[in-house]
Amino acid sequence: MTDEKNSGSDKLWGGRFAEGTASSVEAFTASIHYDSRLYKYDIAGSRAHATMLSNQGILSKDELKAIIDGLTSIEKDIEAGTFEFKRELEDIHMNIEKALVDRVGPAGAKLHSARSRNDQIALDFKMYLRDQCDILADLLNTIRRAFVLLARKYLGDVMPGYTHLQRAQPVQIAHHMLAYYEMFGRDRERILDCRKRLNLSPLGCAAMAGTGLPIDREQVAEALGFDGVTANSMDTSGDRDFAIEFCSCATMIQLHLSRLSEELVLWSSSEFSFVDISDKFCTGSSIMPQKKNPDIPELIRGKSGRVVGSLMSLITLVKGLPLTYNRDLQEDKEPVFDTVDTVTASVAIMAELLENLQFRTKTMAEATKTGFITATDLADYLVLQDVPFREAHGIVGRAVAYCLDKGCELYDLSVEELKQFSAVIEKDVFEVLSVEGSVNSRISTGGTGLVRVEEAVQNAEKQMGI
Ligand code: ARG
């Protein structure tokens, strides 16, 4: 560290500087207040790097031991909350490296051989996101499980299915629940796929061109649980695709949660009265004593704004960057951290809410009785009597208009009345005009008929190990 003593700067990079850094600049450039979150990965990466340097004869066994012991003591202090992070040391990498040099002396100063903060931050960030992918994949299964349990519990109960938020066709509550099971299943696949793609070690790319020192990148990659190493040092040092991909997958999760939240807000209103969200998951009004508000779904819906915003920040961040590393990239951490915190908390609390959710099955079934919800079934009935579908559509439309005039539903009409619209209609039409008949006729693959949904519930239970 003689260079440092002779220069005007006390920074690890201070050799060529005659003057110290302005404190305004230190404040502006520091990232330690948020990247300290990466300490575990930074230390694990340093351990693996030092071990490799020693195996390659770049560090002696004694130096390696000093470094490992030093890193362990730093990790302990960070975990105990006694480690002092310093803003003037900019980031997590230099805070740890400086502490190491202070604790173990010259051996510590050798650790950064064949490494740059550019490949180091890429490593820390990838290891962090890899863990987050695993955490999210587990949480997604927790919420999927909650949907399967609801589907099993309400198997056979019906509700209106909607298009344009108008009653469309009757469906099983279980079918609606399993729709979300599918969505979060795709989300989980996406997250695991993102993990697969990011799991290549950047370490050894150094600043951006690789290194002339005789390192072994594969050895480090293996020690840190990577599937291999990245192929191009220039790509690696400026690459943040993996962070953007993660945020994009996470955004999709939050969007799905947001759509579900919107349904829960609607369903818990007096206008719908379809669900009862447990008291534990609602809050009251400070002025209106009668209120029980669905704040959890509302907040989840609201938080999708920040998750989408973070994705936009990241995309915009890399848009105009020339290869390779640019300091702009330091701005990648906060949007990712915020996305991780928001999405994991949202999935976890939504899963809990679902575990405590009750459907008002009577009200839901009642809601299928109005709104001509079985009109398509009448059209299908006519099709089976060889009436062309377009013609059938017109016939049913006229029958609906007649009912609107009369103030009744299709199933209130007599066969004689129905025959005015089409002579092929017989008494058996009432089987298809009933809600139960309608639901259970829809046995096409992926449909809402009882046999299909029962099968789907069983498959889902098998997948979830229930
Ligand atoms: N704190 C920096 C970041 O997050 C680490 C890499 C800094 N590299 C550099 N050459 N200044 O991007």
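Nothing in this text is a laboratory measurement; each read-out follows from the coordinates by a stated rule. This structure is a prediction, so every number in the text was calculated from the model and none was measured. All Cβ positions, even for glycine, are placed from backbone atoms using ideal geometry, and neighbour counts span all protein chains on display.
Odds and ends about this structure:
- For residue 131 and residue 193, the difference between the fully extended length at 0.36 nm per residue and the C-alpha to C-alpha distance is 21.0 nm.
- Size of region 97-165 as Cα extents on the principal axes (Å, biggest first): 73, 27, 17
- For the chain, the fraction of alpha-carbon pairs in successive 20 Å shells from zero, as %: 20, 38, 25, 13, 4, 0
- Per-pair calculated FRET efficiency, R0 = 41 Å: residue 390 and residue 37 via Cβ, rounded to 0.05: 0.10
- Within straight-line cross-link reach of residue 362, aspartates and glutamates at Cα separation under 15 Å, skipping those fewer than 8 residues along the same chain: 157, 271, 276, 436
- Checking the cross-link pairs 126/303; 292/333; 291/462; 196/280; 61/333; 76/303 against a 30 Å limit on the alpha carbon distance flags 292/333; 291/462; 196/280; 61/333; 76/303 as lying beyond it.
- Taking N as the residue count of region 327-461, its C-alpha radius of gyration divided by 2.2 N^0.38 Å amounts to 1.65.
- Contact order, relative form, for the chain: 15 percent (alpha carbon pairs under 8 Å, 6 or more residues apart, mean separation divided by residue count).
- Region 1-104: C-alpha gyration tensor shape, a/c 1.5 cut-off, then a/b vs b/c: oblate
- Considering all C-alpha pairs of region 176-318, those separated by over 21 Å amount to 61%.
- Summarising the label geometry, the points placed 7 Å from Cα in the beta-carbon direction at residue 466 and residue 87 lie 5.2 nm from one another.
- Listed peptides 301-314, 20-33 by packing density, highest first (mean Cβ within 10 Å): 301-314, 20-33
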